[in-house]
Each structure stands twice: as structure tokens, then as C-alpha cells.
Amino acid sequence: MSSPFAALDPCVHCGFCLPACPTYLATGDEADSPRGRIVLMRALERGEVRADDAALLQHLDACLGCRGCEPVCPSGVGYGRGLEAARTLLAERRGFRPLARLVLGVFARRAAWRTIFRAARWLRGLGLAQALAGPRRFGMAMLAATTPARAATPSAAAPPSRRAAEPGPGSTVALFRGCVMDELFGHVHDATRRTLEANGYTVLEAPGQGCCGALHAHAGDPGAARTLARANLAAFAGRADFIVVNSAGCGALLKDYGHLLGDDAGQRFAAQVRDVSELLAERGPRPGGALDLAVAYDAPCHLQHAQRVHEQVLAVLRAIPGLRLSLLPGFDRCCGSAGIYSLLEPAMSQAVLAQKVAGIADASPRPGIMTTGNPGCLMQIGGGLRAAGLPIQVAHPVELLDWSYRAAGYY
Ligand code: SF4
Ligand code: SF4
């Protein structure tokens with residue numbers, strides 16, 4: 001059997017990946033670059049560096065796992081696979097840091113994360129998150145950013161009502177609800193359902209599903225990720241033609257269940273998974289009503305780099321007449337959220353976010369809405385914009401399509 005680090009073998013140390021790495025751009029330190037980390041990971045694999053070596057831990061812990069280094073690599077290095085192997089080995093040898101252990105423990109138990117998110121919704125509902133949001137209370141700013149954006153008003157008189165497409169064969173989709181997405185972004189699930197139905201899909205529920213396991217897989221706990229994956233396999237078995245997901249981080253792992261589980265059942269599940277933009281783009285999607293909006297798309301790393309889904313999101317946004325779409329410089333660079341990274345590595349997370357927020361603040365013209373298809377990115381960018389006092393909303397691309405469909409009279 002080949003080494004789990006084998007995906008790093010093609011590295012020729014050319015350094016083409018360095019300018020694509022947000023942590024290297026933040027520190028300028030070779031050890032915070034993909035090339036430097038590959039050297040460290042190989043040394044760890046060979047036993048030349050101990051798993052408790054402080055410098056090794058510092059630089060590998062500081063990796064966002066964003067995989068922005070993969071598409072720019074001319075040698076096809078599978079950096080994400082190598083990082084996964086390194087983090088698994090480190091977790092086996094040194095265990096998890098207490099905060100990581102706590103957070104992963106919460107996300108492994110449905111009752112635990114539901115309780116925490118219920119409290120978060122309560123804070124949000126009382127307006128406390130919005131009132132307390134600021135640079136010193138960034139958690140509150142992130143929570144405030146989960147508040148549904150104000151829907152845009154149509155920019156033209158309402159046209160005669162349009163009818164949704166009729167569902168045809170091969171059109172049933174089961175909605176992956178997830179944890180954060182389901183608890184804090186229920187409005188995005190609602191928009192997902194409505195926009196898919198307008199395009200002729202029948203959207204079904206899959207009771208018994210739970211967290212996808214991405215946080216565990218990326219942190220180096222594939223065992224916990226497999227347990228969660230098996231529960232999802234059972235929940236979705238035989239339910240629909242496709243499994244639709246609107247969270248880029250979850251989608252990337254769901255599409256990787258074949259690798260994670262190493263069996264045919266995982267492969268079959270993975271083959272059914274589609275990001276919501278993929279399903280919508282397959283049907284056009286049908287055009288909506290006009291909205292007078294300046295929107296900048298920020299690509300979630302796990303959609304852009306891990307799933308290589310990009311044009312489909314643009315197709316969704318271009319189905320909205322009147323929407324002025326831009327891609328700001330660095331739109332495909334990580335925002336610093338990266339799952340539980342923003343909790344574990346707050347200083348680097350904020351340094352990476354600062355680059356993103358500065359790019360948005362400097363944009364001319366400035367967008368009124370930043371759109372991105374991942375809960376962590378919505379919270380991180382939305383929190384960063386609030387903390388910086390910038391009056392720019394965040395919304396998922398399907399929310400914008402949903403407003404446009406409402407304007408068009410689909411519902
Ligand atoms: S990962 Fe790819 S781009 Fe980066 S140094 Fe290695 S071969 Fe070059
Ligand atoms: S995964 Fe992201 S942060 Fe880590 S080395 Fe690659 S580009 Fe840099």
C-alpha cells in the first residue's frame with residue numbers, strides 16, 4: 001500500500017504555489033508556504049522531526065487547509081491529501097489541543113451542537129449579536145452575519161407570474177442540511193428548495209442525517225468523520241437521484257466519502273452529491289426578475305479548489321437580470337475561516353481576513369453585497385465587514401436567485 005503522503009511526491013519545489021498561499025502572503029515565511037510545509041510533512045513522515053516539535057506544529061497548525069496551492073501547482077501535487085495524512089499522524093502521536101478536542105466533541109454529538117446553536121439563535125433573535133458585534137467581539141460579529149440579508153426590491157415592474165418547470169425523470173434531490181447550515185442558515189435551505197423547485201426539481205428531506213464530518217476529517221480525526229459519514233449514508237440511501245448541498249465545505253467532503261470510507265457505498269453516495277449551483281446550472285437556470293444590485297462573488301475554497309465548481313455559480317448569478325457581478329482581486333483566496341481554524345488560530349485567521357476586507361473596502365465601485373456559498377465564509381466575511389464598519393451585506397448565491405425568482409413571480 002502506498003504511503004498516505006504519496007500525494008506530495010510530485011513536488012519539485014518550484015515555488016509557483018507561494019503567491020497563492022494566504023498564510024505565506026501574511027507572514028512571508030517559507031515555512032508558512034505550501035513548499036515549506038511539504039518539506040516539514042516529509043520530514044515528519046520520515047521521522048526526522050518529532051511530532052511534538054514546536055516549529056513543525058506552529059507551521060502545520062497555521063495551514064488553513066484551503067488548498068489554494070493545488071490548482072496553481074504545475075506538478076499536480078495533492079496538498080490536501082498530504083495535509084490530511086500529516087494531521088492524522090500528528091493527532092495519533094500528540095492528540096488534539098484542548099480547544100480542538102472540545103469543538104470536535106461538540107460536532108460529533110447532535111444534541112450538543114443543537115443546544116449551542118439554539119442559544120446562538122436566541123442571542124441573534126434578541127438582537128444582542130448585532131448590538132455587541134465589533135472588532136473586539138468578533139464572535140458576535142460572525143453570529144450577526146448569519147442574520148438573513150435584506151431582500152433586494154425588484155428593479156422593474158413585476159412581470160406576469162411565471163410558472164415553475166415541471167419535474168421530469170431524474171429530478172428528485174434530497175437536501176443535505178448539515179449542522180451550522182441547518183441551525184443558522186435555515187433561510188438558505190428555504191431558498192435552495194424554492195429555486196430548485198422553480199427549475200423542475202423535486203426536493204425531498206432525509207431524516208436521520210447529521211454533520212458531514214469535514215471538521216473532523218480536516219483536523220486529523222478520520223475515525224469520527226467515518227462514523228458521521230456512515231450515519232449520512234444510511235439517512236440518504238435510496239432516497240433521490242441527487243444529494244444537494246449548499247455548503248461548500250460539506251460538499252467537498254460528501255464528494256470525498258468514497259476516499260474517506262474506502263468502499264463502494266461511499267463511492268456511490270459521493271457520485272450522487274451536487275452543489276446546488278451545479279444542479280441549477282444544469283437547468284440554465286431559468287432567468288428571474290431584474291434586481292438592481294452590485295454583487296461581488298467570493299469563491300469558497302472548498303468549492304473553487306476542492307470541488308472545482310466555479311462557472312456554475314456564475315451561471316446562477318447571471319440568471320438575475322440587472323445584477324452587476326464582479327470578482328474582486330483575491331476572490332479565490334481564503335478568507336481565514338477554514339472550519340474551526342478561526343477558533344484555533346485567531347491571529348492568523350484575522351490576518352488573512354484583513355487582506356480580504358481591505359480588498360473589498362478598496363473596490364471601486366464597492367459592492368452592496370458579497371456573495372459566497374459556505375456558512376463559514378459568510379460568517380467570517382460578514383463578521384469582518386461588520387467589524388470594519390462597512391455597510392455591505394453577505395448572502396448565499398441562491399438567496400439572490402430566490403429574490404430574483406420572487407420578483408419574477410415564480411412564487
Ligand atoms: S507544491 Fe507544486 S507549485 Fe508548490 S513547490 Fe511543489 S511542485 Fe511547485
Ligand atoms: S492549504 Fe492554503 S494555507 Fe495551506 S499551504 Fe496551501 S494555500 Fe497555504
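The values are calculated or read from the model by the stated rules, or taken from the named source; none is laboratory data. From a predicted model like this one, the values you see are computed outputs, not experimental measurements. Every residue, glycine as well, gets a Cβ built from its backbone with ideal geometry; the counts of neighbours run over all protein chains shown. SASA here: full protein model, heavy atoms, side chains in, ligands and nucleic acids out. Shrake-Rupley method; radii C 1.70, N 1.55, O 1.52, S 1.80 Å.
General observations
- Region 332-357: number of residues that are open to solvent by 40 Å² or more (accessible area, probe 1.4 Å) and either at positive phi or in contact with a strand residue (DSSP E or B) (Cβ under 7 Å, 6 or more places away or on another chain) (or both): 1
- Taken together, the residues in region 144-202 that are without any contact (Cβ under 8 Å) to a residue 24 or more places away in the chain, in contact with a strand residue (DSSP E or B) (Cβ under 6 Å, 6 or more places away or on another chain) and surrounded by fewer than 16 Cβ atoms within 10 Å (Cβ to Cβ) amount to 0.
- For region 58-83, the tally of residues that are away from ligand 1 (no atom under 13 Å from the Cβ) and either modelled with pLDDT under 95 or open to solvent by less than 30 Å² (accessible area, probe 1.4 Å) (or both) stands at 7.
- Residue within region 25-32 that is assigned to a helix (DSSP H, G or I), among the charged types (D, E, K, R), touching a residue at least 24 places away in the same chain (Cβ under 8 Å) and out of contact with any helix residue (DSSP H, G or I) (no Cβ under 7 Å at 6 or more places or on another chain) present: no
- Within region 89-118, tally of residues that are open to solvent by less than 50 Å² (accessible area, probe 1.4 Å) and without any contact (Cβ under 8 Å) to a residue 40 or more places away in the chain: 4
- Selection from region 30-51 of residues that are within 16 Å of ligand 2 (Cβ to nearest atom) and open to solvent by 20 Å² or more (accessible area, probe 1.4 Å): Glu30, Ala31, Arg35, Val39, Leu40, Arg42
- Residue pairs meeting the criteria (Cβ under 7 Å; at least 6 apart or on separate chains; first without any contact (Cβ under 8 Å) to a residue 12 or more places away in the chain and farther than 15 Å from Gly220 by Cα, in region 49-61; second of a type outside the set (Val, Ile, Thr) and open to solvent by less than 20 Å² (accessible area, probe 1.4 Å)): Val49/Ala43; Val49/Leu56
- Residue count, region 1-23 (criterion: in contact with a helix residue (DSSP H, G or I) (Cβ under 6 Å, 6 or more places away or on another chain) and open to solvent by 60 Å² or more (accessible area, probe 1.4 Å)): 2
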